[in-house]
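Q: Pasting a structure below so you can have a look.
The values are calculated or read from the model by the stated rules, or taken from the named source; none is laboratory data. Just so it is clear, the model here is predicted, and its values are computed rather than measured. When we count neighbours, we look across all protein chains shown, and the Cβ atoms used for this are built from the backbone with ideal geometry, even at glycine.
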Amino acid sequence: MGDNLVLHTDLYQINMMQVYFEKGISEKRAVFEVYFREMPFKNGYAVFAGLERVVSYLKDLHFDEAAIAYLRELGYPEAFLTYLSAMRFTCDVKSVKEGDLVFANEPIMQIEGPLAQCQLVETAILNIVNFQTLIATKAARIKSVIGDAPLLEFGTRRAQEMDAAIWGTRAAVIGGADATSNVRAGQLFGIPVSGTHAHALVQAYGNDYDAFMAYATTHRDCVFLVDTYDTLKIGVPAAIKVAQEMGDKINFLGVRIDSGDMAYISKKVREQLDEAGFTSAKIYASNDLDENTILNLKMQKAKIDVWGVGTKLITAYDQPALGAVYKIVSIEKENGEMRDTIKLSNNAEKVSTPGKKQVWRIRSLDKNKSEGDYITFSDVDPNDLSELVMFHPTYTYINKKLTNFTARPLLVPIFEKGNLVYDLPDLVAIKAYFNEKLDDLWEEYKRDLNPQDYPVDLAQDVWDHKMKLIDEVRKDVYK
Ligand SMILES: Nc1ncnc2c1ncn2[C@@H]1O[C@H](COP(=O)(O)OP(=O)(O)OP(=O)(O)O)[C@@H](O)[C@H]1O
Ligand SMILES: O=P(O)(O)OC[C@H]1O[C@H](OP(=O)(O)OP(=O)(O)O)[C@H](O)[C@@H]1O
Ligand SMILES: O=C(O)c1cccnc1
């Protein structure tokens, strides 16, 4: 299979493109925005990830011969296929930077350009951003309970196939993983790789001592998995014996436990290691861990130094999907002006916010913390205002006035007229960026359980415009 991803879209996008083409509106300028409506894992913030892959998908996006041939097989008319063959990506794209914090009901990406092109890219963009943002956020939750101790990403074997393992690992690193067991992810993204060994090694030798000795005579850095037969009676004593016999010939980093009551066992293992003089040997733990188990183990004062987390991180076990959507917010009229569009719903949260917008992170200069996000039309800059009135978009009586503030635009230019204008930072920089942004957030939004709702407010004119369009549509429908 080739790596042209142009057909990585839903059939209905191509069908709509055909409508636009045949009805002569395919080149009309349109603006679409990506946003999600509910915070993943009920977390207080989400960690945006996926931009690097979105860029690689959009760069040079075109229908190659194989794609056209397949669409011909599906029965699309020749004139439409000719149009598709000639199509090149010419949209403007703005996006939040990877590692930035994002919240429900604010645009995190914006695609503007010919209607047909905007329509084509919906599926892949959501596919990428939904997954990677979800995993980065899950990793951040896990890391928040672990603190400074290392978090190792161990999930490839349980990930939803290879792409999810690779890009999920990268997202996990953005949100907090310090290293991965996936060697290819290490090669592709420069992520530190790390690992111990499996039970198979011990089973292959039939006993812990021979297995650890075999490892120790072939590797300098050693972490022995001690729970194959009996952690306290067999595994740890064998690890200690090998470490003593090998002395300086190895770097005895520690032992890994992978079953049983990890609070009780880790404390006993710590005693055994300390008594043998290996006070700096670390205890690694793995086995279906997630932020809840880890927090619980920490409350029990488990003596765990390094946390290996697989399945529950890479599959976002407790919430397998983020629900980001891609909605048209504005379209060119016959006269060339833009007409803002709205989608109504019986469900108030599902009513879209019309117009091309920008999101601003408002930072109080007195408190040096983020006070909330403020959504304006794209041509407005709140930094020009001396006073900002922020109010809840549904419960409008909840409001506050800010004077001494700065506003940072979250959506930055990525593509202009199809040309990449953004320098993609490396992963180390993205991770550092995330940590810096997390520091700006009040603790109330950071706790794992029942965090406060971070304010995402609409500027007065955006709110008024939305209400006006709701009224207009309702008048049309119920006249
Ligand atoms: N002290 C503890 N407090 C809370 N949860 C724990 C504690 N010790 C272990 N756990 C968790 O409990 C679960 C135990 O799972 P399970 O019973 O499948 O493990 P096991 O039987 O010991 O090992 P195996 O994976 O070999 O079946 C795991 O998710 C583990 O992380
Ligand atoms: O538990 P996770 O968070 O997914 O971490 C990865 C798991 O992968 C390995 O187990 P393996 O695949 O050998 O299976 P088992 O230990 O569950 O038997 C390792 O020993 C961890 O238990
Ligand atoms: O290196 C390890 O210990 C490891 C790697 C993958 C999965 N589980 C454990």
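Q: Quick check on my filter: what residues within segment 296-321 are more than 22 Å from Ala171 (Cα to Cα) and either surrounded by fewer than 19 Cβ atoms within 10 Å (Cβ to Cβ) or within 16 Å of ligand 2 (Cβ to nearest atom) (or both)?
A: Result: Asn296, Leu297, Lys298, Met299, Gln300, Lys301, Ala302, Ile304, Asp305.
Q: Right, here's the next one. Enumerate the pairs (first residue in segment 294-322 and assigned by the TED database to the domain that holds Met162 and small (Gly, Ala, Ser); second residue anywhere and within 16 Å of ligand 3 (Cβ to nearest atom) and in a loop (DSSP other than H, G, I, E, B)) with beta-carbon separation below 6 Å, excluding pairs fewer than 6 apart on the same chain, so at least 6 apart or on different chains.
A: Gly308/Phe154; Gly308/Ser286; Gly310/Phe154; Gly310/Gly155
Q: Quick test for you: out of Val329, Val389, Val359, Val380, pick the one residue that is surrounded by 12 or more Cβ atoms within 10 Å (Cβ to Cβ), part of a loop (DSSP other than H, G, I, E, B), in contact (Cβ under 8 Å) with a residue 40 or more places away in the chain and of a type in the set (A, V, I, L, M, F, W, C).
A: Within the list Val329, Val389, Val359, Val380, the selection yields Val380.
Q: Shifting gears a bit: Regarding segment 196-204, can at least one residue be identified that is modelled with pLDDT of 95 or more, more than 14 Å from ligand 3 (Cβ to nearest atom) and part of a helix (DSSP H, G or I)?
A: At the first step, the residues of segment 196-204 found to be modelled with pLDDT of 95 or more are 196-204.
From what is left, the residues that are more than 14 Å from ligand 3 (Cβ to nearest atom) are 203-204.
Narrowing the set further to residues that are part of a helix (DSSP H, G or I) leaves 203-204.
The answer is yes; a qualifying residue exists.
Q: Still on this model: Are there any pairs, at least 6 apart or on different chains, whose C-beta atoms fall under 7 Å, with the first in segment 61-72 and among the basic types (Lys, Arg) and the second part of a helix (DSSP H, G or I), and if so, which?
A: Arg72/Leu81
Q: Can you tell me how many residues within segment 188-213 are more than 14 Å from ligand 2 (Cβ to nearest atom) and either in contact (Cβ under 8 Å) with a residue 40 or more places away in the chain or under 11 Å from Ala238 (Cβ atoms) (or both)?
A: Of the residues in that region, 11 qualify.
Q: Here is a follow-up. Just one of (1) in a helix (DSSP H, G or I); (2) closer than 22 Å to Gln272 by Cα trips up Val223, so point out which.
A: (1)
Q: Run Gly75 past the list (1) in a loop (DSSP other than H, G, I, E, B); (2) within 17 Å of the chain's Cα centre (by Cα) and report the number of the one that doesn't hold.
A: Failing condition for Gly75: (2).
Q: How many residues, within segment 237-293, are of a type outside the set (Val, Ile, Thr), in a helix (DSSP H, G or I) and surrounded by fewer than 23 Cβ atoms within 10 Å (Cβ to Cβ)?
A: Number of matching residues: 18.
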